[in-house]
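Data first, discussion second: the structure below is written as structure tokens.
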Amino acid sequence: MIIAVDGPAASGKGTIARALARHYALPHLDTGLLYRAVARRLLDDGSDPADQDAAAAACDFDDALLGDPRLKADDAGKVASIVSAHPAVRAALIERQKRFARQDGGAVLDGRDIGTVIAPDADAKLFVRATSAIRARRRHDELRKAGSALSYDRVLADLKARDLRDTTRAAAPLRQAPDAVALDTSFLSVESAISHAIEIVERCRSAKIP
Ligand SMILES: Nc1ncnc2c1ncn2[C@@H]1O[C@H](COP(=O)(O)OP(=O)(O)O)[C@@H](O)[C@H]1O
Ligand SMILES: Nc1ccn([C@@H]2O[C@H](COP(=O)(O)OP(=O)(O)O)[C@@H](O)[C@H]2O)c(=O)n1
């Protein structure tokens, strides 16, 4: 079974995707880490993220980089959303993601274009939402715990700028696939968001049984 989980920053898609992977004993890929890894390499080299050729050259990295805790930092997220708009970067990373989705037994992937581009034939597709104020609160708490001094207002402004870039880019913009089920986590606890997600997957599965 392939499960696609998409949504904007801090909507809770990663939390839900990890829980679904545990529940169904499936491997999980956080595809945002791939774009964050490219961003990290450019930041380390002092390269311009707007330079498509430099960004495409940075796509050839070892999986070990995906475990680097610096990928979670705010600067990597911001630069990831700049490099992810380059068609050459998306093209360089697509096969890795499709291969992961196609593995025997299935997989859970979360990101921005899983239901639309990476696994359009997924068995279950979720589109996770939450208001921007709530998402900024969650991301601010996370960054603060990790030692960041960024203000809530700054986190909210960055998140809105990222949403705008991700939804308006020409290449694989963030949008809900027509057959995806929306899940608004704004007023749900983590536990209840996960139970709703499992119910959605079960509904999608039974709808597919001939
Ligand atoms: N339903 C929820 N209620 C409250 N906090 C949540 C909820 N879902 C996720 N979180 C918290 O919000 C933060 C961002 O969640 P995450 O799943 O990483 O989002 P995303 O993958 O969409 O960026 C994490 O600290 C997570 O624990
Ligand atoms: N499948 C994906 C995943 C991430 N991305 C890009 O990578 C950036 C970082 O993604 P992420 O999922 O790690 O970010 P968060 O939602 O965790 O903040 C996003 O803002 C997108 O621009 C993408 O374009 N396509």
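The values are calculated or read from the model by the stated rules, or taken from the named source; none is laboratory data. Being a predicted model, the structure only gives us computed values, none of them experimental. All Cβ positions, even for glycine, are placed from backbone atoms using ideal geometry, and neighbour counts span all protein chains on display. Protein only, heavy atoms only, side chains kept; ligands, DNA and RNA dropped before computing areas. Shrake-Rupley method; radii C 1.70, N 1.55, O 1.52, S 1.80 Å.
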What ranking, highest mean first, results for peptides 83-92, 168-177, 12-21 when packing means the other Cβ atoms within 10 Å averaged over each residue? 12-21, 83-92, 168-177
Distribution output for segment 86-164: share of Cα-Cα pairs per 10 Å bin in percent, first bin at 0, values 15, 33, 29, 21, 1
Nearest 5 is fine: what % of DSSP beta bridges in segment 2-191 come out antiparallel, could you say? 0
Identify all lysines with a Cα-Cα distance to residue 98 below 27 Å; exclude those on the same chain that are fewer than 8 residues away in sequence. 13, 72, 78, 125, 208
Could you work out the equivalent-ellipsoid semi-axes for the chain, taking the square root of 5 times each eigenvalue of the Cα gyration tensor, largest first, in whole Å? 26, 21, 15
Starting from the alpha-carbon convex hull of segment 1-107, give the projected area averaged over all orientations, in nm². 6.6
With a 1.4 Å probe and every protein chain kept in, tell me what percent of the accessible surface of segment 2-191 is carbon plus sulfur. 54
Expressed in nanometres to one decimal, the distance between label points 7 Å along Cα→Cβ at residue 50 and residue 18 is 3.6
For the peptides 135-146, 93-104, what is the packing order when you average, over each peptide's residues, the other Cβ atoms within 10 Å and list the highest mean first? 135-146, 93-104
Whole-number accessible area per residue in Å² for segment 86-210, which is evaluated in the context of all protein chains at 1.4 Å: 53
Mind running the shape call on segment 133-199? Use the C-alpha gyration tensor, a ≥ b ≥ c as the square roots of the eigenvalues: rounded below 1.5 for a/c, prolate if a/b tops b/c, oblate otherwise. oblate
